[in-house]
Amino acid sequence: MQPGADVNQRIARISAHLNPPNLQMESSFGLRQVNCRAKGGSPGFKVAILGAAGGIGQPLALLMKMNPLVSVLHLYDVVNTPGVTADVSHMDTGAVVRGFLGQQQLEDALTGMDLVIIPAGVPRKPGMTRDDLFNINAGIVKTLCEGIAKCCPKAIVNLISNPVNSTVPIAAEVFKKAGTYDPKRLLGVTMLDVVRANTFVAEVLGLDPREVDVPVVGGHAGVTILPLLSQVKPSCSFTPKEIDYLTDRIQNGGTEVVEAKSGAGSATLSMAYAAVKFADACLRGLRGDAAVVQCAFVASQVTELPFFASKVHLGRNGVEEIFSLGPLNEYERAGLEKAKKELAGSIEKGVSFIKK
Ligand SMILES: NC(=O)c1ccc[n+]([C@@H]2O[C@H](COP(=O)([O-])OP(=O)(O)OC[C@H]3O[C@@H](n4cnc5c(N)ncnc54)[C@H](O)[C@@H]3O)[C@@H](O)[C@H]2O)c1
Ligand SMILES: O=C(O)C[C@H](O)C(=O)O
């Protein structure tokens, strides 16, 4: 071989790589069309994020793009999806990313999806309850769920938008109206309560949070968030003072973040982490993995209420089994009564928003 031939070949190879003859930017914005050679991406599930340009949506998009179970990732919002999509699409992971902007593109965003994650809607400011978000977020969730009923009625839905205790009943009523309701496929995301509970309990016990499992049942607002500290794994005991401290901190973890952010929104990063942990569990269930169990707010017969959060088994059809609460101590039984009282009103408010 001639001296330098090796180098020339390498330069030719690099040049071909930098100027591929057939490369398409995967985006519905038509950013740049450069003849398509291959679609890229790996076999896996199709996932849409609705509200993808928001505080939760952006880190959620980033983390879902890293999830090896995802082959196609659709990012939908009413603002800013071109930028978020271009940005996330440059990550050299398997999922193909496509962006969708505005309601006229909602149907394209949803068609063919296996899992739809919804963090769309306004967040709290200091002094507000989650229920104060109802007037704006109820309408947003209604519109998005109407799109799901039309375009991907079999998709698993992970609903994050607050107030979850009311938005899940809203979604259920929308799907009932459309004739597509499958209670196994609609899940309110309460994973952040579990993530917080694991963290705070681990701090008290001096353990690694990854070793701790705290069931959190009920709903996702104040006293409806009911940590079952008597069922913590690894098995342990707490003083009455520790129980008061932990229960209060877990129930008010969201408010802790809202106040620390001083008007700039609520939990976004820990929520994106929790949402991905939960979505990954749903996808592993869809794939047929055994023993996938997480807490979620679902249609339930565990109590007399039509919806309740508890541990559920996730499988090929979504929620395959809902676990009962197990033995509760006196403190938890009292907490359960308070939780049910508030939950009943929030559920009814969601149902009547659609039925009215
Ligand atoms: N379930 C939970 O544990 C949990 C945790 C944190 C936040 N939340 C809730 O998640 C929601 C989003 O929080 P955030 O901090 O990301 O808010 P954000 O304001 O930063 O982002 C919300 C996004 O939703 C988009 N949006 C608004 N209307 C829309 C519509 N009709 N269709 C599609 N997208 C729309 C906005 O454009 C924005 O990009 C809030 O309701 C918040 O309370 C829930
Ligand atoms: O507290 C909020 O309003 C957001 C979310 O529900 C949370 O728990 O962080």
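Please treat every number below as a calculation from the coordinates, not as lab data. All figures in this text were calculated on a predicted structure; none of them were measured in a lab. Heads up, the Cβs are rebuilt from the backbone with ideal geometry, glycines too, and the neighbour counts pull from every protein chain shown.
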Notebook entry, point to check: On full extension of the chain, what length is gained from residue 199 through residue 321, given 0.36 nm per residue of separation minus the C-alpha to C-alpha distance?
Noted result: 41.3 nm
Next item on the list: Find which of 285, 343, 354 sits farthest along the positive direction of the dipole of segment 278-356, computed with +1 on the beta-carbon of Lys and Arg, -1 on that of Asp and Glu, about the Cα centre.
Entry: 354
Checklist line | Dipole magnitude (debye, nearest 20) for segment 39-188, charges at Cβ of Lys, Arg, Asp, Glu | finding: 260 debye
Note to self: Give me the net charge for the shell around residue 149: Cβ to Cβ below 15 angstrom, other residues only, Lys and Arg +1, Asp and Glu -1.
What the structure shows: +2
Note to self: Please arrange 84, 116 by how many other C-beta atoms lie within 10 Å of their C-beta, fewest to most.
What the structure shows: 84, 116
Checklist line | Calculated FRET efficiency for the pair residue 178/residue 290, C-beta based, R₀ 45 Å, to 0.05 | finding: 0.85
Next item on the list: For the chain, give the magnitude of the charge dipole about the Cα centre (Cβ charges: +1 Lys/Arg, -1 Asp/Glu; no others), in debye to the nearest 20.
Entry: 920 debye
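Over the chain, calculate the relative contact order: mean separation of alpha carbon pairs under 8 Å at least 6 apart, over the residue count, as a percent.
Details: 710 pairs, mean separation 53.4, N = 356.
Reported relative contact order: 15 percent.
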Notebook entry, point to check: Using the beta-carbon distance between residue 236 and residue 125 and R0 = 45 Å, what value does 1/(1 + (r/R0)^6) give for FRET efficiency, to the nearest 0.05?
Noted result: 0.75
Notebook entry, point to check: In square nanometres, what is the average projected area of the Cα convex hull of the chain?
Noted result: 21.9 nm²
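Check each of the trypsin sites (Lys or Arg not before Pro) in segment 220-316 and keep only those in coil by DSSP with at most 12 other C-beta atoms within 10 angstrom; list them in order. Write out the running numbers ahead of the final one.
Details: sites: 241, 249, 261, 277, 284, 287, 311, 316; in loops: 261, 316.
Answer by residue number: 316.
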Next item on the list: Of the listed pairs 125/356; 65/277; 142/184, which have alpha-carbon separations greater than 24 Å here?
Entry: 125/356
Next item on the list: In whole Hz, with x marking every Gly and Pro, tabulate ³J(HN,Hα) for segment 97-107 from phi via Karplus 6.51 cos²θ - 1.76 cosθ + 1.60, θ = phi - 60°.
Entry: 10, 10, x, 9, 10, x, 4, 5, 10, 4, 5
Next item on the list: Specify which residue in the list 178, 144, 64 is farthest towards the positive end of the charge dipole of segment 39-188, using unit charges on the beta carbon of Lys, Arg (+1) and Asp, Glu (-1), about the Cα centre.
Entry: 178
Note to self: With the crude spin-label approximation of a point 7 Å out along Cα→Cβ, what separation in nm comes out for residue 245 versus residue 277?
What the structure shows: 2.1 nm
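Given Cα pairs under 8 Å that are at least 6 residues apart, what percent is the relative contact order of segment 191-355?
Values: 240 pairs, mean separation 38.5, N = 165.
With pairs under 8 Å counted, the relative contact order is 23 percent.
Can you list which of the DSSP-assigned H helices in the chain have a Cα extent of 30 Å or more along the long axis and an average Kyte-Doolittle score of at least 1.6?
On the way: long enough: 330-355 (37 Å, -0.64).
Both cut-offs are met by no helix.
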Check: Once the Cβ-Cβ distance between residue 304 and residue 92 is put in as r, and R0 is 41 Å, what FRET efficiency do you end up with, to the nearest 0.05?
Finding: 0.20
